[in-house]
Amino acid sequence: MKYLPDPEEKHKGLDNLFYEIQQLLYTNGPAIGNRVVDNALIESRLIHVRTLLDVFQKAESDKDDVLAAHYGFPLTPIILESGYFERLNKDLAHLTYSRTRRSTSAKGWPTKIVVVPVLQRCKEFIEHLLAERAMFHEISATAWRQLAMEIGAFLDSPAARQGV
């Protein structure tokens, strides 16, 4: 059975969605040189990518998932290069033998290919929210506007355009 959140759930769900978007944006940065910490940042970033792909690409759910469709945001696929959807599941959230078959050069997660398309959709979603919604929960419209501006700045940055 399709889950339909009540207005209060939708209202509060935006705070958690803000967190997911913010974390995806803020975990994009240069490597610090500590392999363990760098890998933890990459994995954190990818968990937020995976979460947001579901938010933006599911029209409905029988679970209590927060979905952009609940806020009237149009459902449009986020295009990632072939193989990255599967890798988000098999290489990130599950310990699989297919992971052992990838060469070192095939194990990367290029920002331009994996993160940028999701952040572009996040920015579109925020603009939709700001145009359609008068009330927010704990995260103010001002904070949402600021996040959209920060995403825009990141998308215009060399890190997003070069995407390594």
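Read-outs throughout are calculated quantities, based only on the coordinates presented, and are distinct from any laboratory measurement. Computed from a predicted model, the values in this text were never measured in an experiment. FYI the Cβ positions are ideal-geometry reconstructions off the backbone, even for glycines, and counts take in every protein chain you see.
With axes computed from alpha carbons, what is the tilt in degrees of helix 141-155 against the longest principal axis of the chain, rounded to the nearest 10 within 0 to 90?
The helix 141-155 is inclined about 30 degrees to the chain.
Taking neighbour counts of Cβ atoms within 10 Å as a proxy for exposure, in what order, fewest first, do Y97, Y26, Y71 appear?
By the 10 Å Cβ count, ascending: Y97, Y26, Y71.
For the chain, compute Rh as the Kirkwood radius over C-alpha pairs and then the Stokes-Einstein diffusion coefficient at 10 °C and 1.306 mPa s; write the answer in µm²/s, rounded to an integer.
94 µm²/s
If the reach is capped at under 27 angstrom between alpha carbons, list the lysines near K63, excluding any in the same chain fewer than eight residues apart.
K2, K10, K12, K90, K123
Where does the chain land at 222 nm, in deg cm²/dmol rounded to the nearest 500, when only DSSP H runs of n ≥ 4 count, each adding -39500 (n - 2.57), divided by all residues?
Mean residue ellipticity, 222 nm, calculated: -17000 deg cm²/dmol.
Fewest Cβ neighbours within 10 Å first, please rank F56, F85 accordingly.
F85, F56
Counting only C-alpha contacts under 8 Å and six or more residues apart, can you give the relative contact order of segment 7-162 as a whole percent?
Relative contact order, segment 7-162: 27 percent.
With θ set to phi - 60° and the Karplus curve 6.51 cos²θ - 1.76 cosθ + 1.60, what are the ³J(HN,Hα) couplings of segment 120-130 in order, to the nearest whole Hz, using x for Gly and Pro?
4, 5, 4, 5, 4, 5, 4, 4, 4, 4, 5
With point charges of +1 on the Cβ of Lys and Arg and -1 on the Cβ of Asp and Glu, referenced to the Cα centre of the chain, which listed residue (L75, W144, T27) lies farthest in the positive direction of the dipole?
Looking along the dipole axis, the top candidate is T27.
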